[in-house]
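Q: This is the structure I want to talk about, given as C-alpha cells.
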Amino acid sequence: MSNTALSLRVEYRSRTQLPANSDPWWQGVLGMAQFGHHTPPHAVAGVPIAAVPLSPLGAHAVLYEIWHAEGPMQVGNAGEVRYRCNGQVLFGCISLPEPPQGVAVGNTLTSTATAAFAQIFATLEASGYRQLVRVWNYVAGINEPADAGERYWLFNSARHESFVAFKRPIHEAAPAASALGTPSGCPLVIYFLAHRSVAQMLENPRQISAYQYPAKHGPCSPTFSRAALLAEGGGTLMISGTASIRGHETVHVNDVTAQTAETMDNIGALISTANHLSAGLRFSIQALAYKVYLRHAASLPKVTSALRALVGPTAPIAFLSADVCRRELLVEIEAVGLAAARQ
C-alpha cells in the first residue's frame, strides 16, 4: 500500500498562522475546517474548507483544523461536495441551508440531511473512496424541540435512512462521527474522511454501542462507531465525539469536571481497545490531539485544568462553544493521533 495513507494527521492553527497562498506548505493540505464567524481565507486553489459556525474559546477568534497527507493531490466537486484526495484518502465537505419553513419539502432538517448524505455517498461511489471513515456533523439548533422530540432525533433518522438507502453499514462498520449543535438558522455542515481500503471500527467496552441505544434516546439510534483505526504502517486513531456516558446513560449531571473525567475514561478505554487490536501499534492519551466542545463557555477553566492533568502540557487542544447532543451533557471530546512509533 502507498505510504500516502500513513501520514494522515491533524493540526490546529489560528488565522494569522496560515502561510501565504504561494507557500509550498499548502501542497500537503488535504482539507480544512474553519471555526469562527468570518469569511474563509482564499487558500491555495483546491483546498476544501468547511466553514463551521462555532466560536473558538480562548485567544483566537478563528481556528482552523487542518488535515495533512502526502503525495500528489487531486481536487474535485460533485454537486455541493468539494473534495481533495491523494490516492488513498479523501477529505470532503458540504454545506446546505435548510429551506425556509413552509416550503413543501416535509421536515426541513430531514430533507436537508437526506440531500447532503445522498451527495456524499454519490461522491464516494464516483471517486472510488468507498470506505467512509470519519464524519463531522454540525446541526443548527440540535436540542430544539421538533416533531414530538428534538432536532437531533430528526437528524439521526435522516442519517440512518440515508445509510440504508445507499446500502451502507449501520452497525459494526458504521463510520466514526460527531454531531454538535450550531446556532439556529445556520446551514447543515458536514465534513468527512474516506479511504480506499477498509478501516477497523472500534467500540467502547464501557458503553453500549450508539447504534443499539434504547428508544428513550430517540426513535432511531445514532449511526456511528466509537472510533476508527487505520492500522496500516504507522496507524491513525480517530475517536468519535465522546461524552460522560456509561452504558447508555448520562452520568455526573451538572458537574462538568466529573463529566470531563468520565469522558477521558471512555477515551482511555478506546485507546486500550486500539492497542489490543492493532498489531504492534501503541497509542497513548498524551499523544493525541483533542477537540473539546463546551456547552457553557464559563466551563473553560475547569475543563482545561482537568484535561491538562491527564494529557500533559503539550498535547494540542482546541476548545469550541457548541450545544452537545444531549441537553444534560456539558462537554464532548473527540481525538485523533498517530501511533507512538510514528510520532
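Q: Starting with the fewest neighbours, write out 144, 203, 262 ranked by other beta-carbon atoms found within 10 Å of each beta-carbon.
A: Least crowded to most crowded, the residues run 144, 203, 262.
Q: Residues in region 308-329 near a label at residue 59, defined as backbone nitrogen under 14 Å from the 7 Å Cα→Cβ point?
A: Backbone N within reach: 317-319.
Q: Which of 292, 324 has the fewest other C-beta atoms within 10 Å, and how do the rest follow up to the most?
A: Going from sparsest to densest Cβ surroundings: 292, 324.
Q: Let me ask something additional. With contacts defined as alpha carbon pairs under 8 Å and 6 or more residues apart, what's the relative contact order of the chain in percent?
A: On the way: 806 pairs, mean separation 58.1, N = 343.
Relative contact order, the chain: 17 percent.
Q: Using the 10 angstrom Cβ neighbour count as an exposure proxy, how do 276, 195 rank, fewest first? Numbers along the way, then the final one.
A: Values: 276 8, 195 23.
Ascending number of Cβ neighbours within 10 Å: 276, 195.
Q: How far apart, in nm, are two points set 7 Å out from the Cα along the Cα-to-Cβ line at residue 14 and at residue 254?
A: Taking the two extended label points, one gets 3.7 nm.
Q: About the Cα centre of region 3-342, what is the dipole size in debye to 20, counting +1 per Lys and Arg Cβ and -1 per Asp and Glu Cβ, all else neutral?
A: 420 debye
Q: For residue 25 and residue 74, what does the FRET efficiency come to when R0 = 25 Å and r is the distance between their Cβ atoms, rounded to the nearest 0.05?
A: Efficiency at R0 = 25 Å is approximately 0.85.
Q: Which of 143, 77, 204 ends up with the largest GNM mean-square fluctuation for the chain, with Cα atoms connected below 10 Å?
A: 77
Q: For every other residue with a beta carbon closer than 13 angstrom to the beta carbon of residue 269, add +1 if it is Lys or Arg and -1 if Asp or Glu, then tell me the sum.
A: Values: positive: 206, 226, 246; negative: 203, 262, 265.
So the surrounding residues net to 0.
Q: Could you tell me the calculated FRET efficiency between residue 265 and residue 215, based on Cβ-Cβ distance and R0 = 30 angstrom, to the nearest 0.05?
A: Efficiency computed from Cβ-Cβ geometry: 0.70.
Q: If the elastic network links every pair of Cα atoms under 10 Å, which of 253, 133, 189 fluctuates the most in the Gaussian network model of the chain?
A: Per the Cα network of the chain with a 10 Å cutoff, 253 tops the list.
Q: When the chain is modelled as a GNM with alpha-carbon springs shorter than 10 Å, which of 146, 51, 231 fluctuates the most?
A: 146
Q: What does the helix-only formula give at 222 nm for the chain: each DSSP H stretch with n ≥ 4 adding -39500 (n - 2.57), the total divided by the residues, and the result rounded to the nearest 500 deg cm²/dmol? Each step should come with its number before you reach the end.
A: Values: 4 runs with 69 residues, N = 343.
Calculated mean residue ellipticity at 222 nm is -7000 deg cm²/dmol.
Taken together, the values in this text are just the output of simple stated rules run on the coordinates, not laboratory data. All values derive from a computational prediction rather than experimental measurement. Methodologically, a virtual Cβ is constructed for each residue, glycine included, from the backbone with ideal geometry; neighbour enumeration extends over all protein chains shown.
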